[in-house]
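To start, the structure itself, in structure tokens.
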Amino acid sequence: MRKKLFKAFLRIGILFLVFLISVMITSTVINKGNTDMTAEMKKAGLPVVYVNVNGEYINCLHGYVAEMEGSYLRGTITPMSADRKLPIKIKAFDSIITGVAYEVYTLSMERLLESGEIQTFDYLNDEISATVPVKDLIEDEKEYMLVLKLTLSDGRVASYYCRFIDKPELYLTEKLDFVHNFSSKTFDKTAAEELRTYMESNSEGDNSSFGYVNIHSNFNQLTWGNLEPVLESDKELRILDINTKDAAITLDYTVSVQGELYDVWEYFYLTRGSDRIYLIDYERTMDKIINEENVVVANGKIFHGILSDAIDYKENKDANIFCFVQERSLYSYNSDTDSLTRIYSFRDKENNDVRTSYKMHNIKILYVDDVGNVYFAVYGYMNRGNHEGETGITVYYYDTVFNTVEENLFIPYTKSYEILKHDVENLCYVNENNTLYLMFNGTIYSINLSTMKAELLASGLNETRFVSSLDNSMIGWQAANSLYEYNTLTFMSLNSMVPLKIEASRGHILIPLGFFNHDFVYGSVAVMDIMLDSTGRTVLPMDYIYIQNIKGEILKTYHHEGIYVSDVQFKDNMMNLERIIIDKDTELVYPTEDDQIMNNQIKEAHANNFTNVITEETETTWQTVLKNTEAGKNTRNLTTKEVLYEGNRNFYLNVQDVLDRYYVYSKGEITAIYTDAADAVYTAEKEAGIVVDKKSSYIWKGNDLKSKTMIEDIEFIPITGNSVAACLDKMLNTAGVYVDVKSLLEEGKTPLDIMKENIEDKVVLPLAGCSTEAMKYYIGMGCPVMAMVENDEAVLIIGYDDKNLIIYDPYKEKSNKIGIDDGKVWLASNGNRFLTYTK
């Protein structure tokens with residue numbers, strides 16, 4: 001018996017030994033093959049282009065090697081010189097340029113105005129200076145798009161998009177000098193005393209962190225406290241917008257503080273008064289750059305330093321792997337091996353210039369498995385690597401065993417990073433089944449990363465009717481063409497991949513609101529309660545709020561008889577309900593006190609705790625307290641290599657953008673996207689921003705308004721009939737259109753229908769609920785604004801000065817002046833129901 005057992009154990013031992021040897025051989029072969037098929041990320045190879053404005057090279061342009069929709073590439077704006085030339089400087093780095101051509105388009109990119117090649121150059125080291133001549137086809141005070149095309153020795157053609165304008169009296173010297181002087185003086189407390197005049201220090205300023213400083217911060221915050229930063233780079237100046245009076249300008253640069261590097265961004269909004277420059281708005285952010293020379297992990301903590309905002313991070317189930325994104329670089333810390341790996345970054349010690357530090361991209365962690373393998377997305381403009389000069393989404397897989405990064409797919413994108421960022425933040429998620437979910441231009445896709453097959457889940461979505469959970473694992477949406485079709489919601493867990501339909505009760509519509517952790521929150525509105533408030537904006541008074549889980553169970557119902565919810569905000573474990581009372585007799589809406597719903601479910605806590613620490617010298621800094629309190633004793637810093645492959649892994653999505661979208665820009669970024677022009681103008685006015693459409697046509701601007709204006713070519717002949725017909729007729733005549741408006745109205749067409757059907761080359765804008773002040777933009781453009789008043793009568797606003805609105809009343813023989821304040825009250829009492837168009 002013992003001999004048999006011995007022989008059995010011997011056979012098992014031999015088999016186990018053979019298995020171990022096989023594993024070792026296989027591992028050696030695999031690792032050898034993996035090493036042979038990997039490489040460092042390719043270095044940046046494209047030149048950059050600067051434009052000479054007032055003797056200073058600014059507005060750094062980065063090249064695109066793929067076809068782009070130039071109307072979406074708003075970027076910076078460059079004022080032309082007085083002789084209608086654009087002097088440029090090409091910094092070639094190591095690239096060889098064999099040809100330089102240029103094209104000038106209308107801003108919509110629909111019409112090519114001129115093109116040519118540049119033959120004359122000046123050379124200095126790796127810099128090439130030249131001048132782009134612009135002919136007399138362009139108009140003063142109108143924006144255009146210059147496309148500069150550089151042909152490189154490797155056959156690639158890189159296109160550089162430059163929005164420019166020929167506008168006199170911009171007072172560039174004063175404005176640019178102000179920005180440079182202000183920024184420089186913040187580094188010198190004595191010189192900075194002069195800056196107190198421009199600051200508006202008050203209780204609105206948060207003086208607890210150097211990560212974010214604004215015009216309301218105190219003098220100590222503005223002048224960096226005791227940090228004593230040292231400038232480590234040139235200051236890259238960009239003009240976002242400029243006119244005779246105002247300018248929006250940014251500076252980007254790097255400083256060092258106690259041996260640590262920080263990215264700094266400054267924003268200035270200036271206005272030129274009669275006596276001096278006034279600072280209307282100012283912001284500064286400061287974010288630590290992690291590099292190998294910094295002590296990042298020690299005493300069971302990861303030290304992130306000073307930050308302007310929270311970082312994106314994820315951990316695995318055992319919490320021994322902690323992944324995070326900081327300053328567009330992805331890191332993974334393994335507490336078992338005490339190693340910090342830089343998984344992906346365009347910028348490192350050997351690759352650190354204006355190309356690799358370009359900020360028009362970001363990284364999103366999609367999934368971290370049990371052993372530390374990571375799916376992640378790099379989205380936006382690709383600074384270097386296989387897709388240098390392209391824009392899109394690259395999904396990568398990080399293999400923790402081989403310490404390699406492999407591209408799964410690349411989805412090319414032809415619009416700007418700002419728009420792509422908006423979509424990725426809405427939805428970009430990989431589940432446990434290796435399925436990627438994306439939202440592009442109102443279309444939801446699922447892509448199986450194993451089979452590379454795509455499926456369309458929903459299309460034609462309005463972004464205001466789509467919500468997702470904080471981690472993107474839960475989504476809710478609504479597909480409908482009009483408000484009164486909002487009677488169905490779809491709720492879906494992207495892990496179970498089974499959609500749940502929610503139907504409204506009879507006579508109601510549903511509104512998706514958001515998520516409490518992973519529970520869906522939506523509101524119910526009785527159709528009979530939908531109304532316009534005193535400003536003309538549509539009110540959706542929600543009489544019921546529901547919280548529902550993915551099983552279809554209603555976890556909470558909120559209802560108070562006679563009180564309605566008009567809007568909600570989510571913050572941590574609390575939902576704030578903005579509430580209103582409606583007087584059914586007068587149809588007036590009155591705000592009442594807010595209410596709150598607390599989330600009783602304990603939010604899933606991270607074992608590795610990202611938190612802040614306050615010290616006297618550096619104020620608020622951030623750190624991650626690791627689950628392993630012994631971590632960081634002898635941390636190894638690792639970098640990855642990329643897996644090589646043949647061909648390309650481009651994945652094309654045929655996305656049809658069927659909706660008209662309006663883009664709200666503020667401080668150089670898109671802050672909101674709407675399908676309703678009135679919502680966009682309303683938001684832009686609050687944010688001191690602008691609105692453009694997909695052709696880059698201005699829908700609204702709040703700055704550069706004329707102090708007074710009057711539309712002269714309106715004939716005053718008193719009528720006895722329909723005032724709406726008379727006003728529409730005058731509006732169409734001003735736009736160069738002559739039709740029988742009265743007959744069209746009698747056929748049942750609405751004023752909006754008539755305007756849209758007869759004005760082809762202009763954007764028709766129903767702007768109910770926007771302010772009278774906002775209408776000044778259109779009047780200044782020579783576009784009358786129709787306003788509905790008492791008894792469904794209409795008037796036109798045709799002008800204004802510093803004290804009055806000038807009104808066309810069809811029943812009167814001449815224009816009527818009304819005080820601006822009285823006019824605003826009158827028009828608001830009639831709902832601010834405006835209709836206009838823009839050229």
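The selection criterion, being of a type outside the set (A, V, I, L, M, F, W, C) and either crowded, with 18+ Cβ neighbours inside 10 Å or farther than 30 Å from CYS428 by Cβ (or both), holds for ASP529. Only a single criterion out of (1) open to solvent by 30 Å² or more (accessible area, probe 1.4 Å); (2) touching a Leu at 6+ places or on another chain (Cβ under 8 Å); (3) modelled with pLDDT of 95 or more is not satisfied by ASP281, namely (2). In region 537-553, the residue that is most open to solvent (accessible area, probe 1.4 Å) out of those that are over 17 Å from ARG465 (Cα atoms) and not in a strand (DSSP E or B) is LYS551. Scan region 40-64 for residues that are open to solvent by 50 Å² or more (accessible area, probe 1.4 Å) and part of a loop (DSSP other than H, G, I, E, B) and the total you get is 5.
Quick grid of which residues meet (1) more than 30 Å from GLN623 (Cβ to Cβ); (2) at pLDDT 95 or above; (3) open to solvent by less than 50 Å² (accessible area, probe 1.4 Å):
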residue	(1), (2), (3)
ARG163	yes, yes, yes
LYS185	yes, yes, no
ILE239	yes, yes, yes
LYS245	yes, no, no
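If you go through region 65-92 and pick out every residue that is assigned to a loop (DSSP other than H, G, I, E, B) and of a type in the set (Ser, Thr, Tyr), you end up with 2. Counting just the residues of region 221-237 that are open to solvent by 50 Å² or more (accessible area, probe 1.4 Å) and not in a strand (DSSP E or B), which one comes out nearest to VAL257 (Cα to Cα)? For region 221-237, the residue satisfying everything is GLU228.
Checking LEU752 against (1) hydrophobic (A, V, I, L, M, F, W, C); (2) open to solvent by less than 40 Å² (accessible area, probe 1.4 Å); (3) assigned to a helix (DSSP H, G or I), which single condition isn't satisfied? Against the list (1) hydrophobic (A, V, I, L, M, F, W, C); (2) open to solvent by less than 40 Å² (accessible area, probe 1.4 Å); (3) assigned to a helix (DSSP H, G or I), LEU752 comes up short only on (2).
Counting only strands (runs of 3 or more DSSP E) that fall entirely inside region 595-639 and contain at least 2 residues that are touching a strand residue (DSSP E or B) at 6+ places or on another chain (Cβ under 6 Å) and within 30 Å of LEU222 (Cα to Cα), the qualifying elements are 609-615, 619-625.
Screening region 135-157 for residues that are charged (D, E, K, R) and in contact (Cβ under 8 Å) with a residue 60 or more places away in the chain and picking the one that is nearest to VAL49 (Cα to Cα) gives ARG156. Looking only at residues in region 756-791 that are under 14 Å from ARG833 (Cβ atoms), assigned to a helix (DSSP H, G or I) and of a type in the set (A, V, I, L, M), the one that is farthest from the chain's Cα centre (by Cα) is MET775. Scoring ASP275 on the criteria (1) open to solvent by less than 10 Å² (accessible area, probe 1.4 Å); (2) farther than 23 Å from ARG347 by Cβ leaves a single failure, condition (1). Only strands (runs of 3 or more DSSP E) whose full extent lies in region 644-719 are considered here, and the ones with at least 2 residues that are open to solvent by 20 Å² or more (accessible area, probe 1.4 Å) and touching a strand residue (DSSP E or B) at 6+ places or on another chain (Cβ under 9 Å) are 662-666, 669-674, 698-701.
The residue pairs whose first member lies in region 807-821 and is open to solvent by 90 Å² or more (accessible area, probe 1.4 Å), whose second member is among the polar types (S, T, N, Q) and at pLDDT 95 or above, and whose beta carbons are closer than 6 Å, counting only pairs six or more residues apart or on different chains, are LYS817/ASN804. Among residues of region 308-325 that are closer than 16 Å to THR611 by Cβ and in contact (Cβ under 8 Å) with a residue 40 or more places away in the chain, those with a beta-carbon under 9 Å from a residue that is open to solvent by 50 Å² or more (accessible area, probe 1.4 Å) and hydroxyl-bearing (Ser, Thr, Tyr) at least six positions away or on a different chain give the pairs ASP309/TYR212; PHE322/TYR313; PHE324/TYR313.
The values are calculated or read from the model by the stated rules, or taken from the named source; none is laboratory data. Note that this is a predicted model, so its numbers are computed, not measured. Heads up, the Cβs are rebuilt from the backbone with ideal geometry, glycines too, and the neighbour counts pull from every protein chain shown. Ligands, DNA and RNA are stripped out before the accessible areas are found, and what is left, the full protein with its side chains, is counted by its heavy atoms. Shrake-Rupley method; radii C 1.70, N 1.55, O 1.52, S 1.80 Å.
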